[in-house]
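Below is one structure, written out as structure tokens; the observations come after it.
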Amino acid sequence: MSGKLLQDKVAVITGGTSAMGMGIAEVFLEKGAKVILGDLDQTKLDHTKDALNQAGDEINVAAIKLDLTSAESIREFLDKAEAAFGKLDILVNNAGVCIGNSMFDIPQETFDLTFNVNVKGLFEISRQFAKKNIAGNRPANIVNLASNAAKVCFEGMADYNASKAAVVNLTQSMAKELAKFNINVNAVCPGAVDTDMLRQCMLDAVKASNGTVTLEDCRKTWGPPQLGRLIQPHEVGRVVSFLASDEALIIRGQAISIDGGNTPY
Ligand SMILES: NC(=O)c1ccc[n+]([C@@H]2O[C@H](COP(=O)([O-])OP(=O)(O)OC[C@H]3O[C@@H](n4cnc5c(N)ncnc54)[C@H](O)[C@@H]3O)[C@@H](O)[C@H]2O)c1
């Protein structure tokens, strides 16, 4: 048997077409897993799947449409995902939305969308995933993408900050309820990772500065000072792959800061 960390594991990665989803998928494939990407846009899913499959000799990637705001879409997605490689061992809850706005300007619909995807969608797919594994008497692993926003709260992102704090809290609740079924649950809290979401936050900051700050300024200064650069998606993938593995069974219900040492807890 190969000594790869995730050999023969099958992992679902939501938000699989984002830079973060792809970075996590690349690390999972390197470590021996098969991956199923879930996301909103089938064309983007197909491109991402082809790009990832090209890197390997076998077909180890599937890509299936998923809308986390619909329990029915989640059900259909998980049924197809299970059929793709015969089982589901790992769920990486990576999908998320972040729409910056001051607390007075956040429309109710934006607040609802942020919670519907980041919190309710994450919870719904986690419990449907858990039910499948409990029914099959299979151990499993869930890793949630929270954020350092859960711990430090960024200005102009009240709905996002609160949604990520809810993810940290749900991680603890799920870890407690699912431990007896051998399902382990943890979260990571990244700092600034080089993705489309971060680029949009930077563009918002450039706009708010009335031209005193440039995109290049943000790229230079938003990474953790200890690193002096933005975090790369595959670096998040390495930590997620460890938490998703059998090596991390004594870590339970944790929300681990992965922001280069910025957040001291
Ligand atoms: N980029 C960062 O600096 C950073 C930092 C901390 C945490 N995070 C978290 O990491 C995760 C990934 O972030 P990212 O930067 O790649 O964001 P992104 O916006 O680039 O990608 C998010 C992905 O989620 C998908 N998605 C959105 N709504 C969905 C829905 N209803 N159903 C299914 N998929 C949906 C999008 O299509 C997209 O592919 C998010 O949960 C985010 O909050 C990001």
**Rg/Rh for the chain, where both radii come from Cα atoms and Rh is the Kirkwood radius** = 0.96
**Request:** May I ask you to list, by number, the DSSP H helices of the chain whose Cα span along the axis is at least 15 Å and whose average Kyte-Doolittle hydropathy reaches -1.0 or more?
**Result:** 19-30, 71-85, 122-135, 158-178, 196-208, 233-243
**Message:** Can you give me the long-range amide H partners of Gln254? Hydrogens built in the peptide plane at 1.01 Å from N, cutoff under 5 Å, separation of 5 or more residues or another chain.
**Reply:** Ala187
**Asked** Under a 1.4 angstrom probe, counting protein chains only, how are Asp196, Asp159, Asp39 ranked by accessible area, largest first?
**Response** Asp196, Asp39, Asp159
**Contour excess over end-to-end distance, with Cα ends at Lys4 and Thr221 and 0.36 nm allotted per residue** = 74.5 nm
**Complete:** Residue separation between Asp50 and Ser70 times 0.36 nm, minus their alpha-carbon distance, gives in nm 4.6 nm
**Request:** Determine the dipole magnitude for the chain: charges of +1 sit on the beta-carbon of Lys and Arg, -1 on that of Asp and Glu, nothing else is charged, the reference point is the Cα centre, and the result goes in debye to the nearest 20.
**Result:** 760
**Complete:** On the formula 1/(1 + (r/R0)^6), with r taken between the Cβ atoms of Gln172 and Ile134 and R0 of 22 Å, the FRET efficiency rounded to 0.05 is 0.70
**Request:** Rounding to the nearest 20 debye, state how big the charge dipole of the range 26-180 is about its Cα centre with +1 on each Lys and Arg Cβ and -1 on each Asp and Glu Cβ.
**Result:** 760
**Asked** With all protein chains present, how much of the accessible area of the chain (probe radius 1.4 Å) comes from carbon and sulfur, to the nearest whole percent?
**Response** 53
**Message:** Ranking request for peptides 250-256, 234-240: highest mean number of other beta-carbon atoms within 10 Å first, then the rest in descending order.
**Reply:** 234-240, 250-256
**Fill in**
Heavy-atom accessible area per residue of the chain, all protein chains kept, 1.4 Å probe, expressed in Å², is 49
**Prompt:** For the chain, modelled as a Gaussian network with Cα springs under 10 Å, which listed residue fluctuates most, Thr48, Thr110, Thr221?
**Reply:** Thr221
**Request:** May I ask for the distance between the Cα centers of the range 215-256 and the range 11-62, given as a whole number of Å?
**Result:** 19
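The values are calculated or read from the model by the stated rules, or taken from the named source; none is laboratory data. Since this is a predicted model, take the numbers as computed values, not measurements. Cβ coordinates were reconstructed from backbone atoms using ideal geometry, including for glycine residues, and neighbour counts include every protein chain displayed. Side chains are part of the model used for accessible areas, which takes the heavy atoms of the whole protein and leaves out ligands, DNA and RNA. Shrake-Rupley method; radii C 1.70, N 1.55, O 1.52, S 1.80 Å.
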